[in-house]
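Below is one structure; the comments refer to it alone.
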Amino acid sequence: MKIFRGGGQSKNKQCVDTVAVCRDDNVSRIPSAESNKRKTLICVTNNSDSVYSVISLSKDFDVRKKSIEQFSNLRVEELMETDYYIFSGEIPDFIIEKLARNNLDKRIRYINGIYDSNVYDILSPDISFRLLKEQIRICNQNKYAVENLVEVGDFTYGVPQINFIGHKNAYISIGRFCSFANGVKLFAGGEHHKEYVSTYPFSMFFNGRYKVGTHAEAKGPIIIGNDVWFGADAKVMSGVTIGDGAVIGANSIVTKDIPPYSIYGGVPAKCIRMRFEQNQIDFLLKLKWWNMDEEWIRSNSLLFSDVNCLMEKYGISL
C-alpha cells in the first residue's frame, strides 16, 4: 500500500488536493479540508424561532436566520453563495419564481408539518430527531402557549393538533417513540359544564357581564406512554392515560384510560384485542426498551420482529 498526498504523483494515479490511499489501481479518495468545509443554510421564518433554534445546533451547517422580507431582498449573488434555504410554513410564490429563474429552486427545503417536509434529507439524525420532537410545538404555538404545557419524548414523530390549551389542569405528556398519523387531535381542555343550566361558555364572552361560573376546564392531563401508535384522525379527550405500546385505530375517540399493549378503536374507543399474551406484556413493561440507548436498540433491532426472541435473550436476566 502506498500513500500519496496532494500534488504527489504515482505511476497509475495523480492525486491532486486529496489524500489518496492507493491499492494497485483502486483509489479511495478522502476529501481535503477544503471539501469538508461546512455548508451554508438560511432559515426563513416570520412566525417562529423554533426551527432556527434547532437547526442552528447542527455541526454541518453555518446557519443564518432571515424573515420572508429579508430573504426576498437578498441579491442573487448572495443566494448563490448559500447551499440551502429552509422555509417554515408556506413559501410565497414570488420567492419560488425568483429562485427558479436563477436555477436555485432545488436548494429549497421546507417544513409545513411532518408529512409535508423535505428537510430531513440534509440533516444529521440527531438534528432530525430533535426537530421531529419540536414539530408539535412548532405547529401549535401560534394558537396556544404550549411551551410549558406539552412534553414530548425523543424519537416521537407526527404533529397532532392540540386544542384548548391554557385551561386549568390542561397538560400533555407524550412518551418516546410514539407515532402520530395525519389529523390526530388532543383535546386538552374545552369540556363544557354539563351540570349547568346551559353548556354555553358565558364567561368567555360579553366582557364578564354574565356571571355564570367559570369557563370549562380540563378533566385532567393527557398522559401518553411510550411506543404508542395513533391512526389517522384519532381524537383523545382530556383526563385520559394511554399505556405503553397501545394502538389507537383511525377515527377513534378515546374517552377513557387505555391499558398497555392493547388495540382500541371505535366511537367511543373500545378494546379490540391485546397485542400480546399477558406474560409477554409483563416482560416488555419490565424491559422498557424505549429507555435503552441507541446502541442497545441498534444491536437488538433484528429481535424486534419477534417478542419471543427478545424474551429468550433477556427474559431470565430481568
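A short reminder: the numbers here are calculations on the coordinates, not readings from a lab. Values in this document were obtained by computation on a predicted structure and should not be read as measured data. Backbone-built Cβ (ideal geometry, glycine too); neighbour counts: all protein chains shown.
Points worth noting:
- One decimal place: the segment Thr241-Phe202 gains 11.0 nm when fully extended, by the rule 0.36 nm per residue minus the C-alpha distance.
- When each of the peptides 220-226, 74-80 is scored by how many other beta carbons lie within 10 Å of its residues on average, the order from highest to lowest is 220-226, 74-80.
- With K and R counted +1 and D and E -1, the other residues having a Cβ less than 15 Å from that of Asn251 yield a net charge of +2.
- Modelled label positions at Asp233 and Glu151, each set 7 Å beyond Cα in the direction of Cβ, lie 3.3 nm from each other.
- Above-threshold pairs, the threshold being 28 Å between Cα atoms, out of Lys59/Lys185; Lys106/Lys235; Lys66/Lys98; Lys194/Lys235: Lys59/Lys185; Lys106/Lys235
- Pair Thr40, Lys288: separation of 7 Å Cα→Cβ label points (nm): 4.8
- Net +/- balance of residues flanking Phe94 in space, Cβ distance below 13 Å, scoring K and R +1, D and E -1: -3
- Three-way shape call for segment 222-318 based on the alpha-carbon gyration tensor, with the a/c threshold at 1.5: prolate
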